[in-house]
Amino acid sequence: MKRVVIACGSGIATSTIMDDGVRTFLDTTGIKYTTIQCNILELGNYVEGADVIISSTKLSTDYGVPTIIGTAYITGIGEEELNEKLLEVLSK
Amino acid sequence: MEILLGIFGFISDLGSTVMVPVMITIVGLVLGLDFFKALKSGMTVGIGLIGINLVMNLVWTYMTPVAQALVEVFNLPLSYVDMGWSYVAAVAFSTTVGTFVIPFCLLINIVMLVIKATKTVDIDIWNYWHCAFTGSVVYATTKNYAIAFMAAGLHFVATLIMGDRFAKMVQEEMDLPGISLPHGSAAPSLVIGWLANKFLDLFFKGGDKKEEKDTGGIAANPFVRFITDPMMIGLILGTVLSLIVKNSIAVSLQTGMAMAALMFLLPRMVKVLMEGLLPLSTAAKKTMAKKFSGQEFFIGMDSAVCLGHPTALSTSLVLIPLTLVIAMILPGNVVLPLGDLASTAYYTAMTTIPSRGKFGRTLFGACIVQALACYAGTYFADATTTVAVAQGLAEEGAKVSSLSATWMDIIVHFIASQGWLGFGIMAALVVALVLWHRGWVTKQPKVTDAE
């Protein structure tokens, strides 16, 4: 089971769109996963055991977990590249 | 017109938990969703509203008595509880004006793109709630749909223009090419941050070069992270305020736990509502992306894309206690900060940009933004409560407001409350803004021409 942590400013709005993007893509790959949404300040409480962080913004702290900027799920621009990157990280 | 008003009247008499699902379903169909998807969307939004209502019980059971006691015992007039932006967004979207704001603003955006009056394709559908809020409070004041939609429209046009004008600064400081922030709270806060910096430039010449850029030291501190967790803010504030008004320790701890639950649960309920709006947002995004793509457009996004800046994070933590101090010493303020204490980073991120990441300047700007937010919360306290009660999202006698309204909402609402005269002024302002900004847009270099 892969653990995907999705972070935005509130853990409510932007991360819900990114969560939808992640789910839509991962469902096509057959990878088993769970996602959790949180705000960026809370990330420290959720990164334990996480396989990847999808963030709405560049993070200033390194949590030792691969981190991907997920804004392409919001704009729709570069969504395929983002999917590939996510797949690459999760296949390791 | 009469028939249309009749239909509006019938639907809004159904109460928000029925009306909103019906309206969202209609809007979903208009945006091209199939019937089942549209209906599911509408119902999810309605379920979110019911969830919010359940959680809101905590406020009038525990927090309203404390707020009232603060007034009586200490003569602190903070009788309106700040419920945070997510609650106000839900209230705004639950009104008749609010539900139609999404297609209305999309239409305005398309028209402005076509006549070259903006470069921003605003796909950030959820934050149309700021316009929904303006429209809803204007309707509560004027009882006139035409004036309410004109107010929402003026708000949206002004936000798009601010998004365009500050796009370059945002892109450079936050390293986000092609982005603009046509966000109801972000854009007006950027203006304040920019003015605050101009003001500081008068005293500190050369942009105080000595000041180092912040590296996010405070945000990395585990203890600071612990006490600024929304549920901890709720526990501490609830307990302390209850003790201050001389409640017993047992009652105070109960109040603290109830407020912790509120801070934790309310955003989750709003998330349900947001999930319901997601298919609408996706459909709108597809339509917009098909029509307007290419490099000469900015993608309008939520200010959440800027929150990772280290200065924004550390100043947001310092701003939490400062906001409480500001609320207490600000003459005339009636809002007790609570919900939006969890969203201070949205404000500091915006003052970080014109301050170019300098800690002191960012914090100074953010304090001014918060003071204005207190006054906006005060100005809209009655209107917010009236709308929330009418939508069944607050009980009779509860007093709710937020720190999410801005100086821009005040200006628009003030003009709109002048009735038809206000309508005329707003229409003139829209035309003037569009013409003025169109001059700017047409002067911008086109990337596609250069290639």
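Where a number appears in this text, it was derived from the coordinates with a stated rule and is not lab data. Bear in mind that the values here come from a model prediction, so they are computed numbers and not experimental data. Backbone-built Cβ (ideal geometry, glycine too); neighbour counts: all protein chains shown.
Divide by every residue of chain B the summed helix terms, -39500 (n - 2.57) for each DSSP H run of at least 4, and state the resulting mean residue ellipticity at 222 nm, rounded to the nearest 500 deg cm²/dmol.
-23500 deg cm²/dmol
Could you run the Karplus curve 6.51 cos²θ - 1.76 cosθ + 1.60 with θ = phi - 60° over segment B:137-145 and give me ³J(HN,Hα) per residue in whole Hz, x for Gly and Pro?
Here the 3J(HN,Hα) series is 6, 5, 5, 4, 7, 9, 6, 9, 5 Hz.
For segment A:21-72 and segment B:323-372, what is the separation of their C-alpha centers, rounded to whole Å?
29 Å
Using modelled amide H (1.01 Å from N, peptide plane; none on Pro or chain starts), what sits under 5 Å from the amide H of A:THR67, excluding residues fewer than 5 places away?
A:ILE53
Please give the average number of partner chain Cβ atoms lying within 10 Å of the Cβ of each residue in A:70-77, rounded to a whole number.
The per-residue average across the peptide is 5.
Mind checking the mean number of beta-carbon atoms from other chains within 10 Å of the Cβ atoms in B:260-273?
Averaged over the peptide's residues, the number is 2.
Mind running the shape call on segment B:2-450? Use the C-alpha gyration tensor, a ≥ b ≥ c as the square roots of the eigenvalues: rounded below 1.5 for a/c, prolate if a/b tops b/c, oblate otherwise.
oblate
Pairs to check: A:LYS85/B:LYS168; B:LYS40/B:LYS271; B:LYS119/B:LYS358; B:LYS143/B:LYS285; B:LYS119/B:LYS290. Give those whose C-alpha atoms are more than 26 Å from each other in this structure.
A:LYS85/B:LYS168; B:LYS119/B:LYS358; B:LYS143/B:LYS285
Once phi is turned into θ = phi - 60°, what whole-Hz ³J(HN,Hα) does the Karplus curve with 6.51, -1.76 and 1.60 give for every residue of segment B:71-76, x standing for Gly and Pro?
Once θ is set to phi - 60°, the couplings for segment B:71-76 become 5, 6, 6, 10, 6, 8 Hz.
At q = 0.16 Å⁻¹, what is the log10 ratio I(q)/I(0) for chain A, with the Debye formula run over Cα points and no solvent?
Evaluating at q = 0.16 Å⁻¹ gives log10 I(q)/I(0) of -0.55.
For segment B:394-412 and segment B:94-171, write down the distance between their C-alpha centroids in whole Å.
Distance between centres, Cα-based: 18 Å.
Could you work out the relative contact order of segment A:2-91, using alpha carbon pairs under 8 angstrom and six or more residues apart, expressed as a whole percent?
34 percent
For B:THR386 paired with B:ASN221, estimate the spin-label separation in nm (one decimal), with each label point 7 Å from Cα along the Cα-to-Cβ line.
About 4.5 nm, to one decimal.
If a/c stays under 1.5 just call it rounded; otherwise compare a/b with b/c (prolate if a/b is bigger, oblate if not). Do that for segment A:1-54, with a ≥ b ≥ c from the square roots of the Cα gyration tensor eigenvalues.
Oblate, because a/c is 1.5 or more while a/b does not exceed b/c.
Out of A:ASN83, A:TYR33, A:MET18, whose Cα points farthest toward the positive end of the dipole of segment A:2-91 (charges: +1 Lys, Arg; -1 Asp, Glu; placed on Cβ)?
Value computed over the given set: A:TYR33.
What Kirkwood radius, in Å to one decimal, follows from the Cα pairs of the protein assembly as shown?
Computed over the protein assembly as shown, the radius equals 23.6 Å.
Once you order the gyration tensor axes a ≥ b ≥ c over the Cα atoms, which shape class does segment B:332-422 get: rounded for a/c under 1.5, otherwise prolate or oblate by comparing a/b with b/c?
Oblate, since a/c reaches 1.5 and b/c is not below a/b.
Mind giving me the FRET efficiency for B:LEU433 and A:ASP62? R0 is 41 Å, r the Cβ-Cβ distance, nearest 0.05 is fine.
Step by step, r from the Cβ atoms, then E = 0.40.
Given points 7 Å out from each Cα along the Cα-Cβ axis, report the B:PHE204 to B:VAL30 separation in nanometres with one decimal.
4.8 nm
Please compute the length gained on full extension between B:ARG268 and B:THR442, using 0.36 nm multiplied by the number of residues separating them and subtracting their Cα-Cα distance.
58.3 nm
List the residues whose amide H sits under 5 Å from the amide H of A:LYS2, counting only those 5 or more places along or on another chain, with H placed 1.01 Å from N in the peptide plane.
Result for A:LYS2 returns A:LYS32, A:TYR33, A:THR34.
Counting only other chains, and only Cβ atoms inside 10 Å, what mean value do you get across the residues of B:296-302?
3
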